[in-house]
Structure formats: structure tokens, C-alpha cells
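What follows is one structure encoded as C-alpha cells, with my remarks underneath.
The values are calculated or read from the model by the stated rules, or taken from the named source; none is laboratory data. Since we're looking at a predicted model, the values are computed, not measured. Backbone-built Cβ (ideal geometry, glycine too); neighbour counts: all protein chains shown. Accessible surface is based on the protein model in full, side chains and every heavy atom, while ligands, DNA and RNA are left aside. Shrake-Rupley method; radii C 1.70, N 1.55, O 1.52, S 1.80 Å.
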Amino acid sequence: MARSAARPAGDLPVPVTRFIGRRAELAQVRRRLEESRLVTLTGVGGVGKTRLATEAAWAARRAFSGGVWMVDLSSVLDAGQVPQRVANALRVVDRSTRRPNDKIVDHLADHEVLLLLDNCEHVVDACAELVSDLLGRTRGLRVLATSRRTLGIPGEHLFAVPPLAVPDEVLIPSTDVVAGYDAVQLLVDRAAALQPGFTLSSENRVAAARLCARLDGLPLAIELAATRLRTLSLDQLVNRLEGRFALLSGGAAASGHRRQTLRDVMDWSHSLCSPQERLLWARLSVFAGGFDLDAAEGVCAGGDLDVDAVLDVLDRLVAQSIVLSERSGDGVRFRLLETIRQYGRERLVELGEEVAVRRRHRDHYLALARTAAAGWASSRQQAGLARLRAEHGNLRAALEVAVADPDGAAVALSLTSALRQHWYADSFLGEGRAWLDQALTLPPPGEPAAREATDRARVDALWVAAWVCLLQGDDALAEARLTECEALATRFDDERAAGYVRSLRGTARLFAGDTAGAVAWFEDAGAIFARIGDTEGLLWVLFQHAISLSHRGQAARAQAICLRSVAISESTGERLCRSYALWVLGFDTWRQGDLAGAWRWARSGLAIHQSFADPVGAALIIELLAWIAASRDDLAAAARLLGTAESVWALVGTTLVAFGPPLQQHRDTCEERVRAALDPGVAAAERARGHHPTVGRAIASILVPGPARPDRGRPASAGSWPDARPAAATTSRPSAGLPAAGPAPRASSTGVGEAAGATPGAPTSIEPLTSREWQVARLVGQGLSNRAIAAQLVISQRTVDGHVERILAKLGFSARTQVAAWVATREPTVAD
């Protein structure tokens, strides 16, 4: 396992409590990871398998240049979903029709990765099949699994996680000796966190030793017990345990006995809850992953639990460690440990409420999805996508209920279509298609009114499914979906659906290379969307219309349409389609010979992608940057950018050719230029330098300036050089198929110039920042505080605070120093 000096990638959770003891076990797990490519931690529920695995992964993370990735399988109900869940956790962008296994193998190629598969026991066969396949086809992958059952495949090294060491409850040693036991240390640590000042003493050592022994050293049981020490003494706690559950007798330690011990601990904790706490605990079990307060109130209120009481009851469950709370941005999210969630689900079934509460859960997330879809073409776009991303587990659970409901076809169709942007922009395309296909095959209800409602919901699901098929290259099924959608749209006089049918037929023609046919369809669709006021549909049409015109050499029309699209995006706050319009502007400007202008358009579009998980848009822009670099005769940068684009396309699972022959022809020409001009070894090295494991790192390698290169006297970042005084250096030799540099058209000639009152020399309104934000950014770059900026601009500090927050969000930065560096790269452009 080679070491990497860079900060490792991955999504390993950061523990919020101290890791107690287990030094010997931790060392053994790390040793086994060095010796074997598959290590499985086994043991009963509550023994601490997940925590030990997480600590071992943290300790080993620097040995894995490709990162350490954790996949929680606890909420997977269908074993067939295991490969897809692993692909999602690894951030394998899901846009092709290949098996998830194949995508994962390609994603892991040439990377040293540690994959932590947590809670495998209920899908152990599927996990075994997947792990065996992945290990057999990759070299740098190692797997650390936790499961109550072994995976049972060749090469598996097992490690049975024991309970924490406990004192003898009969011959109890001295206080110092008792304090040395891991179980007692855990009890004291957790108790002190809840009751400041709590310590182990000669007076309570006997009770502490007996409690830990009778809880069998199970960390979960000890942590639950510790929550009661705010109201009970250790002696009282031990006395309450008497007769409540059978503990080890005569040193027996059968695994079945341990499972019964854990259940008894859960029963005991449940018995100490109030009736409202028990009811909320049971109802919260329908959530998959985390949830927020709004969701808890919307799903769990009713009957004996008023909506106004949910917060107070939830707070009491958090205080008892039954529910965990976690900070998430500006809010708080909650979750239940899987053992506690499963226990709650059993109680929910006993109450006879499972069906009703799961339907309320489904309806809550349907409303959430509809709200996000309605706010797509607005300033709520990014927040809506982030919310859907955070709720992916709950959305999946809602879909499971919807497709399983005999009368739920309309709901299933509505939910799958409302999530269309989540499937696309958050890289869940393959999973989205599976849900769409399943919803579209559900039998319609027999009652006429319900059947009509289902058919109306089917209209949107059909064009969304066609869109997904086109992106995956399944043109035949896409056309079949569009034909059915068109018939239903005519039946219901649904102009919006008719517009999407025309738009997607234009997309199909564009991908096939028929730009004339594409233009005709886009013109029809755009007219419909403009007439009915559908901004979302119009923005998706405009940049595709523009690229089709650019391919046909109609630059003026293409740029005018792009500028119209950007203006609409700016007026509504939409950003993703704006990035695509900027890409087309950069592409067409490059074809006209203005390399510096093209580079700036493209960089502006790429900056937007820092806030989205859309690798297709990022890859298209990076391709364009490579072509521009080649036109400028910076062939090393071109090779490096081609490598960066390749690494992003690999994450998508597709290539540029899927987006039409004209784009692929430009790439072929660029590659030929690089091969002709660079030594093969140099070209290969530059391409390798351009490879990055994630979309975010690929974008950062271009947008964040690097150190100066002595040989060229400009930043090492492949994406920074054109901003360094392009006007004096944009002249380069023309080459076949690649435009030469030429004079940049004046911004005013396209109708986009500096806004009235804008800072002289600031970027135009098409740049990521508004004129006022640019003013603030420049002052941030000069090192001024928000108060000093407010004084200089004669505005309130609160207004400046808001500007700085928006600047950081728009540029995808987290620190003012990053803004300063970004401004520095733009200043030479201002001078020109």
C-alpha cells in the first residue's frame, strides 16, 4: 500500500465521541489489512464492529491514495441493490447501461482504495458475490467488512470483535484496577459527558464493575445505560437490572445469549420511555438514514402525539441517546442507530401503524420532490438539489412504498418524474432509470377516475424516462417512450409534455449528428415553452439549440440564443443551464478564433460546476479548454487537460462521442496535434498529471492557481494561463481543424457589456459574480474585513456579509483566501 502525501479522498465519517480502549484489536485489524485484501469483522449486534472498523480505516487512510469509502448497507432491503449502493457511495457517476460491477471496476482502476462495507449480514450473499468479483478484477482494492455472518469467499480473513474487557463481578479488584478495564472506561467517559464531574471512585467501583459485567461488555448496552446516570445512581441502575434479563452464567458466552442480552437492554431502555417517547421512537423507524425536524413532525405526528409535541419528545429521545443529532450546514439532522431503528420498527408493527406511517413518509417526500422540481429554474436550484441529495435514502424508501402499493401507480409515477433533476445532476441516472421503468410497468387501477389520474402522471414519467434513455444511449426505447408520451399529451391537451417531446427529439437528432433536424425540433419546442412560460424546459432547449447552430456555422444566432439563456438564468437565479450556455459561448467563441475570450467563458461555466455534481457539464468544458490550449500551441496543457477530461468521463461511464460526431471530431483533431508536437513520453506524463479521482479535484486543478513554473513563468495550473495577459500572447499558428487566435469581439456588440455603474474593468454580467459582488471580492482580495469593506462602499456590514456568503457559494470556496487567489487570477484580464 503506497503512501500519498496529499489529503486522502473518501467519505469516512468523523467520530464525534472518543474511541475507548481496543488498542490490541485495532493493531490486529490493521495488521490483517496489510496481509489480506479482505478482512471481515464479525460479532453480535452492539459489540462495536462498526466503530472498530471506522477507527481502523481512519488509522490506515493515508496508505490509500484513492481514498477510504464507507458504504452503510443497513437500510438496503433488496439484495440486488448492493452493487448500485456501493457504486453510489464510491461516487461512480451512473449514466451508462453497463452493470454496476463493471462501472465500479473501471472507477477503481489504477487507484489504491479501501472500501468499508458496513452491516452486511442481511445481504451477505450479494456482498460476497460483489466483493469476489471486484477483488478478482482490481489490484489496488482492499475491503474491510462488518457482518454478523462471514462472507465465505476465498481470501477472507476473519476477526471476531470481542466485547470490551470487564472486571469480575464477584471478586472485584481495587479502584485503580477496575478503572483499567475498557468497559469501565467507556462507561465513565460517556457518563462524564452527560454528567460533568462524574468519576470512578472507591464508593462506586463495585456498582460500575457489576453494571459493565452484567451488560456483558457490549458498548451499545453500556452507552444506553450511561444515559440514565443523570437521574439514577450506579447502585440504582444495577438494581433496576436485577431480574430484567439473563446475563452470562458460569462464564458462558454463546452468541445467541449475547443477542438476547442486547434485546433485553433495548427492552429495558424502551420501558423507561414515556408513552409518547415510545410512540415517536416507533414512528421514527420508517426513516432511512437521517431526517430533519420538519420530516419528523410531518410523518410522525398524529393520534396521541400532537405536532407541537414532536420537538420536545424528540429532544428527550436525543438526550437518552436513542436518537442521534448531527449538525448539517445551518440545521440539525437526526438519525437512529440501525439496531435501535430495527427495534422501533418491531414496535411499529405491534402498534399496527406500519402501513399508515410509511405512506405518510412517502407522501412527505413526494411533496419535497415536487417542491424541489418547482424551484429548479430559480435561486432555490442548488439548495433543492442539496436537500434531495441529503434525503436520498428516504427518497429510495418512499419509492419502495410507492411501487409496492397496489393503488400507488400514480404516486410512483409522480415521484420518479419529480426527481428528474436529482437523477441527472446528482449522478443517479442508472438508479433513476430503474425506478422509472418499474413505475411505468405498474398495473393501472381499475376505477376510472384513478386510472385517469395515473395516465396523467404517466405523461411526465414517459418524457423523463425518454431523457434518461437518451443520456444512456438507448435511442430506440427513448423513441418508444416519446411516441407514447405524445399520444397521451394529445389526449390530455398537455402542451408542456408536447414541448418536452419535441425538445427530446431534438436532443436525439443532435446526438446522432443531424444538426439541421435538431434545430427544427428545438425551434418548435422553444416556441412552446416560451408561450406557456415553462422556464425549465426553455433553458434546457436554448443551449442545445445554440450548440446545434454553432455546429452549422451560424455563430451570430448561436451566441444570441446563449446570451438570451444567460439573461433568463440571471433573472431567475438558475445556474446549471447557465453553465451549459457559457460552455456553448466558449465553444463558439473559440471557433471564431478568440482564444482568450473562449477561455474566460469556459472558466466561468466551470466555476459554476464546483457547486453541482454534474460531471457531464464539467467534462464538456474541460474538453473545450484542452482544444483552446492546443490552438494556443500550449500542447503540454492540452495533453494535461485531455487527461483531466478522460478521468471525468471515466466517472460518468461514457465518452464524448455519445454527444454527437462534431464534438468528437474536435477532440480527435486536438489529440492529433498533441501527438504530432509532443514526445510520446512527455505527452503520456502530462496526461497522467491531469487524471484526478473526483470531479471536484478535476475542477479545482483548473480553477485554483498553482505555483509559478520557472520554465514558463506562469502558473502550473492548466486552467490559469489565458488569464495572464492574453491580449499580448493569443497569436498562434493556425492548424488544421483548430481555429487560430484573433481579435476578441467587443462585449457590447453582443448586447452584453458592463452594467451601468459597474466597477471599471470588472467582468461582465456573464461572469460568476455581479458587479457589486466583484467590487466586494476585489476588496476581500486586498485583505479588508467586512466592516472595512462596508465603510469603503458606504453600505451596511450585514449587506457585505451577505455578499461574501454569496461569493463563496458561487465560486465553490470555503475561505476568503481562496477568493483572494481567484481575484488575483482575474486582475490581468481587467488590465487588458
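I need the full set of residues from the range 766-787 which are outside any helix (DSSP H, G or I), surrounded by fewer than 21 Cβ atoms within 10 Å (Cβ to Cβ) and either modelled with pLDDT under 75 or not hydroxyl-bearing (Ser, Thr, Tyr) (or both), in order please. Steps first, please.
Filtering the range 766-787 down to residues outside any helix (DSSP H, G or I) leaves 766-770, 782-785.
If we keep only those that are surrounded by fewer than 21 Cβ atoms within 10 Å (Cβ to Cβ) too, we end up with 767, 770, 782-785.
The answer is GLU767, GLN782, GLY783, LEU784.
Which condition does VAL332 not pass, out of (1) in contact (Cβ under 8 Å) with a residue 12 or more places away in the chain; (2) in a helix (DSSP H, G or I), if it passes all the others?
With respect to (1) in contact (Cβ under 8 Å) with a residue 12 or more places away in the chain; (2) in a helix (DSSP H, G or I), VAL332 is out only on (2).
The rows are residues; the columns are (1) over 14 Å from LEU620 (Cβ atoms); (2) modelled with pLDDT of 95 or more.
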{"site": "LEU542", "(1), (2)": "yes, yes"}
{"site": "HIS545", "(1), (2)": "yes, yes"}
{"site": "ALA558", "(1), (2)": "yes, yes"}
{"site": "GLU570", "(1), (2)": "yes, no"}
{"site": "ARG575", "(1), (2)": "yes, no"}
{"site": "LEU582", "(1), (2)": "no, yes"}
{"site": "GLY586", "(1), (2)": "no, yes"}
{"site": "TRP590", "(1), (2)": "no, yes"}
{"site": "ALA596", "(1), (2)": "yes, no"}
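Going through the range 14-34 one residue at a time, which ones are open to solvent by less than 70 Å² (accessible area, probe 1.4 Å) and either at positive phi or part of a loop (DSSP other than H, G, I, E, B) (or both)?
The answer is PRO15, THR17, PHE19, ILE20, GLY21, ARG22.
Only one of VAL47, VAL71, VAL93 is closer than 23 Å to ARG341 by Cα and under 18 Å from the mean Cα position of the chain (by Cα). Can you tell me which? Working first, answer last.
Values: VAL47 fails: under 18 Å from the mean Cα position of the chain (by Cα); VAL93 fails: closer than 23 Å to ARG341 by Cα.
Just a single option satisfies the conditions, and that option is VAL71.
Check LEU419 against each of (1) open to solvent by 20 Å² or more (accessible area, probe 1.4 Å); (2) out of contact with any Ser or Thr (no Cβ under 8 Å at 6 or more places or on another chain); (3) farther than 18 Å from THR97 by Cα; (4) not polar (S, T, N, Q) and name the one condition it does not meet.
In the conditions (1) open to solvent by 20 Å² or more (accessible area, probe 1.4 Å); (2) out of contact with any Ser or Thr (no Cβ under 8 Å at 6 or more places or on another chain); (3) farther than 18 Å from THR97 by Cα; (4) not polar (S, T, N, Q), LEU419 misses (1) alone.
Given (1) without any contact (Cβ under 8 Å) to a residue 40 or more places away in the chain; (2) under 30 Å from ILE547 (Cα atoms); (3) open to solvent by 50 Å² or more (accessible area, probe 1.4 Å), where does ARG496 come up short, assuming only one miss?
It fails just one condition, (1).
Output yes when any residue across the range 677-695 is closer than 28 Å to ARG575 by Cβ, open to solvent by less than 30 Å² (accessible area, probe 1.4 Å), touching a residue at least 60 places away in the same chain (Cβ under 8 Å) and part of a helix (DSSP H, G or I), and no when none is.
Within the range 677-695, one or more residues are closer than 28 Å to ARG575 by Cβ, open to solvent by less than 30 Å² (accessible area, probe 1.4 Å), touching a residue at least 60 places away in the same chain (Cβ under 8 Å) and part of a helix (DSSP H, G or I).
Of the numbered conditions (1) touching a strand residue (DSSP E or B) at 6+ places or on another chain (Cβ under 8 Å); (2) at pLDDT below 90; (3) of a type outside the set (Phe, Trp, Tyr); (4) more than 23 Å from PRO219 (Cα to Cα), ALA296 satisfies every one except a single condition; which is it?
With (1) touching a strand residue (DSSP E or B) at 6+ places or on another chain (Cβ under 8 Å); (2) at pLDDT below 90; (3) of a type outside the set (Phe, Trp, Tyr); (4) more than 23 Å from PRO219 (Cα to Cα) applied to ALA296, the lone miss is (2).
Going through the range 284-334 one residue at a time, which ones are surrounded by 21 or more Cβ atoms within 10 Å (Cβ to Cβ) and among the hydroxyl-bearing types (Ser, Thr, Tyr)?
Of everything in the range 284-334, just one residue is surrounded by 21 or more Cβ atoms within 10 Å (Cβ to Cβ) and among the hydroxyl-bearing types (Ser, Thr, Tyr), namely SER285.
I'm trying to understand the selection: among the residues of the range 189-200, which are on the phi < 0 side of the Ramachandran plot and surrounded by fewer than 22 Cβ atoms within 10 Å (Cβ to Cβ)?
If the condition is that a residue be on the phi < 0 side of the Ramachandran plot and surrounded by fewer than 22 Cβ atoms within 10 Å (Cβ to Cβ), then ASP189, ALA192, ALA193, LEU194, GLN195, PRO196, PHE198, THR199, LEU200 are the ones that fit.
Among the residues of the range 537-554, write down those that are open to solvent by less than 20 Å² (accessible area, probe 1.4 Å) and out of contact with any Leu (no Cβ under 7 Å at 6 or more places or on another chain).
Hits for the range 537-554 are GLY537, LEU538, LEU539, VAL541, LEU542, PHE543, HIS545, ALA546, ILE547, LEU549, SER550.
Within the bounds of the range 236-252, is there any residue that is crowded, with 17+ Cβ neighbours inside 10 Å, modelled with pLDDT under 95, at negative phi and touching a strand residue (DSSP E or B) at 6+ places or on another chain (Cβ under 7 Å)?
Scanning the range 236-252, I find no residue that is crowded, with 17+ Cβ neighbours inside 10 Å, modelled with pLDDT under 95, at negative phi and touching a strand residue (DSSP E or B) at 6+ places or on another chain (Cβ under 7 Å), so the answer is no.
Give the range 109-139 a look and list any residue that's outside any helix (DSSP H, G or I) and open to solvent by 20 Å² or more (accessible area, probe 1.4 Å), or say none.
Correct list: ALA109, ASP110, HIS111, GLU112, ASN119, ARG139.
Which condition does SER571 not pass, out of (1) open to solvent by 10 Å² or more (accessible area, probe 1.4 Å); (2) of a type in the set (S, T, N, Q); (3) touching a residue at least 60 places away in the same chain (Cβ under 8 Å), if it passes all the others?
So SER571 meets the others, but not (3).
Scan the range 299-333 for residues that are touching a Ser or Thr at 6+ places or on another chain (Cβ under 7 Å) and either on the phi > 0 side of the Ramachandran plot or at pLDDT 95 or above (or both) and jot them down.
SER321
Return the residue satisfying two criteria in turn: it lies in the range 294-327 and is in a loop (DSSP other than H, G, I, E, B) and under 28 Å from the mean Cα position of the chain (by Cα), and of such residues it is farthest from VAL14 (Cα to Cα).
ILE322
Taking only pairs six or more apart or across chains, which ones have beta-carbon atoms under 8 Å, a first residue in the range 302-325 that is touching a residue at least 60 places away in the same chain (Cβ under 8 Å), and a second residue that is part of a strand (DSSP E or B)?
none
Name the single residue that is surrounded by the most Cβ atoms within 10 Å (Cβ to Cβ) among those in the range 201-229 being in contact (Cβ under 8 Å) with a residue 40 or more places away in the chain and among the basic types (Lys, Arg).
ARG210
For the range 36-49, state whether one or more residues are modelled with pLDDT of 85 or more, open to solvent by 50 Å² or more (accessible area, probe 1.4 Å) and in a helix (DSSP H, G or I).
The answer is no; no qualifying residue exists.
Report, ordered by the first and then the second residue, all pairs with beta carbons closer than 6 Å, sequence separation of six or more or different chains, a first member in the range 135-151 that is among the aliphatic types (A, V, I, L, M), and a second member that is surrounded by 20 or more Cβ atoms within 10 Å (Cβ to Cβ) and part of a strand (DSSP E or B).
LEU141/VAL113; VAL143/LEU38; VAL143/LEU115; LEU144/VAL39; LEU144/LEU116; ALA145/THR40; ALA145/LEU117; LEU151/THR40
Name the single residue, out of those in the range 348-397 being open to solvent by 50 Å² or more (accessible area, probe 1.4 Å) and in a loop (DSSP other than H, G, I, E, B), that is farthest from PHE428 (Cα to Cα).
GLY352
Do the conditions hold for LEU510, that is, is it closer than 20 Å to GLN665 by Cα and surrounded by 23 or more Cβ atoms within 10 Å (Cβ to Cβ)?
So LEU510 passes the test.
Out of ALA596, ALA581, ALA602, which single residue is touching a Phe, Trp or Tyr at 6+ places or on another chain (Cβ under 6 Å), aliphatic (A, V, I, L, M) and buried (at least 18 other Cβ atoms within 10 Å of the Cβ)?
Criteria check complete, one pass: ALA581.
Could you check, for the range 271-293, whether at least one of its residues is over 14 Å from HIS364 (Cα atoms), of a type in the set (Asp, Glu), outside any helix (DSSP H, G or I) and within 27 Å of the chain's Cα centre (by Cα)?
No: zero hits.
For the range 452-473, what are the residues that are surrounded by fewer than 18 Cβ atoms within 10 Å (Cβ to Cβ) and under 22 Å from LEU656 (Cα atoms)?
Residue satisfying the conditions is GLY473 alone.
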